Structures are given as structure tokens and as C-alpha cells.
Amino acid sequence: MVVTCNLDIVGLSLILTGATILVALITVAIVVVARRGRMSTEGAEMYIGGEGEEVLRRKIPSVLALYWGIVRKAWRRAFETLRDSVHTGVLNDWYGYMSMWLGLVLLIALIALIVYVVW
């Protein structure tokens, strides 16, 4: 059996809009249920690894935090120089600074290319 519907453009657009909204709501519901189902506190707890609970009382920074702490401490002057010279708000300052560094990179690349071709 074949069902035929003769709809005008307004009726068709209403049906398609309703179907699209229904599909969007079903998709949102599936995403919300899937995220809620994966929630677990197991990963939030600290793994002691056989140590006593006094290990939990000490605050031990992560390796990433140590790395960025050292980088920020060691390269503070370089970051401040870069910030002060590039972020002045004047486009010519930025262009001059970046042209200097890109020229240096181009010079190093040309020297490396010449050394590679000659040897």
C-alpha cells in the first residue's frame, strides 16, 4: 500500500521543521545520557600505590607543573622582552621585531642549504 500526501509548501516545511527538532532532541538526549553514564569518581581518587595515607597529606606537584614552573622562572626575562617589544600596540614595532627574527631564521636556513649542497 502506498500512502500519498498532497501538501503545500507551508505544510511540508512545518513537517520537516518538526522532524528536525525531534531528531535534534533525540540526539541531545542520547549525548546527555551517554555522558551521565560515564561519570565515575574512580579516576578522581589518588592512587597511593602501596604507600601509607600520609603521602596524601603532602602536596606533590605534577611533572607538568614543575616543568612550567622552571620554564617560567628561567625564561622570565625572555618572555618579558618579547611581550614588551611585540605587544606595544604599534604595528611597526611588531613588524620590525618579527622581520628581524624571520630574517635570522632565513639566514640560518640559507647557510644550512649551502652547507648541504657544497658537502
Filter region 81-97 down to the residues that are in a helix (DSSP H, G or I) and more than 24 Å from the chain's Cα centre (by Cα) and list them by number. Thr81, Asp84, Ser85, Leu91, Asn92, Asp93, Trp94, Tyr95, Gly96, Tyr97
Any idea which residue in region 52-75 is surrounded by the fewest Cβ atoms within 10 Å (Cβ to Cβ), counting only those that are among the basic types (Lys, Arg) and at pLDDT 75 or above? Lys73
Can you say whether Thr17 is modelled with pLDDT of 80 or more and polar (S, T, N, Q), as far as the supplied structure shows? yes
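The values are calculated or read from the model by the stated rules, or taken from the named source; none is laboratory data. Source: prediction; values computed, not measured. Note that we place each Cβ from the backbone using ideal geometry, even for glycine, and neighbour counts take in every protein chain shown.
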